[in-house]
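K.L.:
Pasting a structure here, questions to come.
Every read-out reported here was derived from the displayed coordinates using simple, explicitly stated rules and does not represent laboratory data. These numbers come from a predicted model, not from an experiment.
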Amino acid sequence: MGYLPEIARRLHHARDLGEPFDFLTWFEFRAEDEGRFDELVARLRATEEWRYVEREVDVRLARAGARIMIGLAALVILLAASPPAGDAHRGPVVGVAMGGAAAFGSASRGTGGGASARVMAGYEIVSGFTPTVAIQWTRFEASAGSTWEIAALPGLRWYGGLAGRLRSWGEVAAGVGQFVYENDSLNTRLEAGLRLRAAGGLDFAVDPLVSVGLQVALNDQHAELSADYHWVDVDCGVTFLF
């Protein structure tokens, strides 16, 4: 407000106009007030919000026969959905993912491929660290019948930084898992035990609040009466930021 009435401003949400920029700001001022305009722009560029600007274009035109200069000072692309490298989102994170699973080790004998699904909620705090809690379901097909597992997994995720809209992350989790056997010899038998998971992923922001990603995880389920299960799952998912 301290630059009115010397500098007039009109802000457009350029996405609504079909433009490639998030915002288009139109300024008008007299030629003798150009110094004040430069001061305003310098103050804007020094703000915390300006760290999210990936690109800006400054176009200045002089109106023929008049002493009014028009500054198109803020044609910017704001990647609000994906903070720049080294900066992290703060707040709730919710994700869902689905994919395939394959057992290895002693558990892999007679076991075919499987499917997995996962729902995760967390809260991203300082430096990208995100305490999480997740429910994961995995089902394996076997020669004697199917086996499926469900687990509750508290964990800790850490978001790193990559260029532009990409963010990498790693996660470790430990909780309780339960196996249900659906075969002739162990029909409907339940086994619960310690469940471990280590995962890594890569997210790509497609919207200010939505990212899509790929994740790979190693899983371990301790069983009381049978051999421990070890498997890897590869999932595609969607993450929502709030």
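K.L.:
Convert each backbone phi in region 36-41 into a coupling constant with the Karplus relation 6.51 cos²θ - 1.76 cosθ + 1.60 (shift: θ = phi - 60°), then list the ³J(HN,Hα) values in order as whole Hz, x for Gly and Pro.
P.N.:
For region 36-41, the Karplus-derived couplings read 5, 5, 4, 5, 4, 5 Hz, x marking Gly and Pro.
K.L.:
Non-local amide H neighbours of Asp22 (under 5 Å, H modeled in plane, Pro and chain starts lacking H): which ones?
P.N.:
Hits under the 5 Å cutoff: Val76, Ile77, Leu78.
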